[in-house]
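As structure tokens, the structure follows; a few thoughts come after it.
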């Protein structure tokens, strides 16, 4: 008998408690209200790209079993901003969530179900017992089998109630833009009859109208729509501007005119939820797919080990899987389109002239590690900018970091450097010394002519400025500094210099508009402190400490051991001194750590990976079998206590 994700023990589900409910028409739900339905609790937070993937993974399941299945999103915030009720309401609207959502800012329900990672899924059967616990994404096949099993079982028992669920759709709102993501200036004519050319009076902008699933060219007044590409209905379709379809596009970049004439398109679009790069020919209106097969990238189909390689990704870019490309940038230095691949925490490159698609920087592991491109760790790369010297700046949102990929001629070799940021769970609002400065989930960047970099500090609602060490007019050396340009904005997701060079253009996502702000003569200095994600700490005993992660390949798959152990465990800590021995990356999912008794508290950072391929147990894996990478990252806050636990067990997949 094949293994399933179902628990063998019967544990009663805990009540659903929080601040309020969304998508219920004002009703407050309880577990009793959901009795008779199969319930999936989706513990999520709207900053998390993996959580957004799960939202999309669950949509077909919800549709196919809409009369027996109810998904409840339990919003468990990571960042301070995500606890704002207006922000969570906007996120529910933005991501078109069509199931009830429990706002749980104090993590009451999170603790009741012992959730330790985003995302976590808990399945409750129609009688109110927990049927399965799952961490991470990629569980739809197992969930589908479990739902069918529960439907058959409880229909036979008479405990399954068919009918509509408690979801109540909100009233639609008409807007010119809807949750715009990114914008770029139009610096050259886009078509023969285009009067929106570069210049002080004729500047226009390309805008990712993300919530309307289209791309818009807007006039300098920031209100007049010149033209659009995309039908406004989410999906994937190439063709004329009026019928083409996008799915939550984000980043945009304009190609140089000579290259555009050569390749037949002017604009490259990061079509985020479609996991593709798209091209727009502004003269004909034609939209084409440039790269990506529409399947979310989990493991390179040509590699079955749990590592990703720097280098080319096959001869045909349309056959390669991508994962939530969030921004794109034409780089004059690299002579490629640079792609912030948020879903795999990497930087890709794409050559329009040849179609070559490559991993440019990043291992695919989530974290904050500098160094050579093949060793660097990123965390949800979301914004890109190139400065005059040719270096590429990166908004690394999940580490609340500003980072730079040194690619200029002055660099001995490409290398990643963190300018602002501390780690996955560190954030805040603090100016001054970059080593002490803090951001909160930044999404956008622009490099200014004076060498400084502006950051759309999204969850702080601010525009921040980083100025590197420089020599003043009087010859004195001025140290590097972080300052605040503007604040009080509603989730600014991008910032760029206006055509006049004297004002800034901000994409203010949660007010559904582009706004101009003046560049101040003097910048603000703000210090509202540094913070860490606050979650209940687990008491653990110092000394020898056991760590294990459970994993079993889902039905129809087997572990890919053709090149050795297909599992991998990476462990580190904040502060690093918390772990005396056992840190690092090794094969296998079991580890013995040595915890430092002189450290009072900290965070264990754990990443588990396992590679499995389609195939039956006991049989060889076919040469061209589809392979899958299962990965989960945990940040476990701990306190050192002699009476605490001496071991920690985690589930990569909740197979019991």
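Measure nothing fancy, just the Cα-based angle from helix 49-64's long axis to the longest principal axis of the chain, in degrees from 0 to 90, nearest 10. Once rounded, one gets 60 degrees. Along the Cα-to-Cβ line of residue 164, 7 Å from the Cα, sits a label point; which residues in region 57-95 have backbone N less than 13 Å from it? Within reach of a label on residue 164, which here means backbone N under 13 Å from a point 7 Å along Cα→Cβ, region 57-95 contributes 67.
P(r) tail for region 537-656, what percent of Cα pairs lie past 26 Å?
Taking all Cα-Cα pairs of region 537-656, the fraction more than 26 Å apart is 29 percent.
Which angle from 0 to 90°, rounded to the nearest 10, does the C-alpha axis of helix 140-157 make with the longest principal axis of the chain? With rounding to tens, the tilt is 40 degrees.
Based on the Cβ-Cβ distance of residue 562 and residue 98, what FRET efficiency does E = 1/(1 + (r/R0)^6) give at R0 = 60 Å, to the nearest 0.05? After rounding, the FRET efficiency stands at 0.90.
Label-to-label distance for residue 515 and residue 86 is 1.0 nm, based on points extended 7 Å past Cα in the beta-carbon direction. Extension gain, residue 590 to residue 490, is 31.6 nm, computed as 0.36 nm per intervening residue step minus the present C-alpha separation.
Helix-only arithmetic for the chain: the sum of -39500 (n - 2.57) across DSSP H runs with n ≥ 4, divided by the residue total, places the mean residue ellipticity at 222 nm at -2500 deg cm²/dmol. Where a ≥ b ≥ c are the square roots of the eigenvalues of the C-alpha gyration tensor, would you call region 206-349 rounded, which needs a/c under 1.5, or, failing that, prolate if a/b is larger than b/c, or oblate? Because a/c hits 1.5 or more and a/b exceeds b/c, region 206-349 counts as prolate.
Entry note, region 1-172: relative contact order of 37 percent, from Cα contacts under 8 Å with a spacing of 6+ residues. Against the set [x] 17, 48, 31, 4, 0; [y] 18, 53, 26, 2, 0; [z] 17, 46, 27, 9, 1, the structure's computed P(r) over Cα pairs in 20 Å bins from 0, in percent falls on [y].
When you restrict to C-alpha pairs under 8 Å that are six or more residues apart and normalise by the size of region 42-117, the relative contact order lands at 37 percent.
Listed peptides 332-344, 18-30 appear in the order 332-344, 18-30 once ranked by packing, highest mean of other Cβ atoms within 10 Å at the front. DSSP assigns beta bridges within region 537-656; of those with both partners inside it, close to 80 percent run antiparallel.
In plain terms, the chain from residue 476 to residue 413 could stretch by 19.7 nm, reckoned as 0.36 nm per residue minus the Cα-Cα distance. Report note on the peptides 580-592, 80-92: ranked by the mean count of other C-beta atoms within 10 Å, highest first, their order is 80-92, 580-592.
Take every DSSP beta bridge whose two residues both sit in the chain; close to 90 percent of them are antiparallel. The DSSP beta bridges internal to region 211-361 are antiparallel in roughly 95% of cases. When both region 227-265 and region 447-521 are represented by their alpha-carbon centers, they are found 28 Å apart. For the chain, the longest principal axis of the C-alpha atoms and the axis of helix 85-94 are separated by about 80°. For 392, 636, the sequence from fewest to most other C-beta atoms within 10 Å is 636, 392.
Using C-alpha pairs under 8 Å with a sequence gap of at least 6, the mean separation divided by the residue count of the chain gives a relative contact order of 10 percent.
Each value in this text was obtained by applying a stated rule to the coordinates, not by laboratory testing. All of these numbers come straight from a predicted model, not from anything done at the bench. Glycine also receives a Cβ, built like all others from the backbone with ideal geometry; neighbour counts cover every protein chain displayed.
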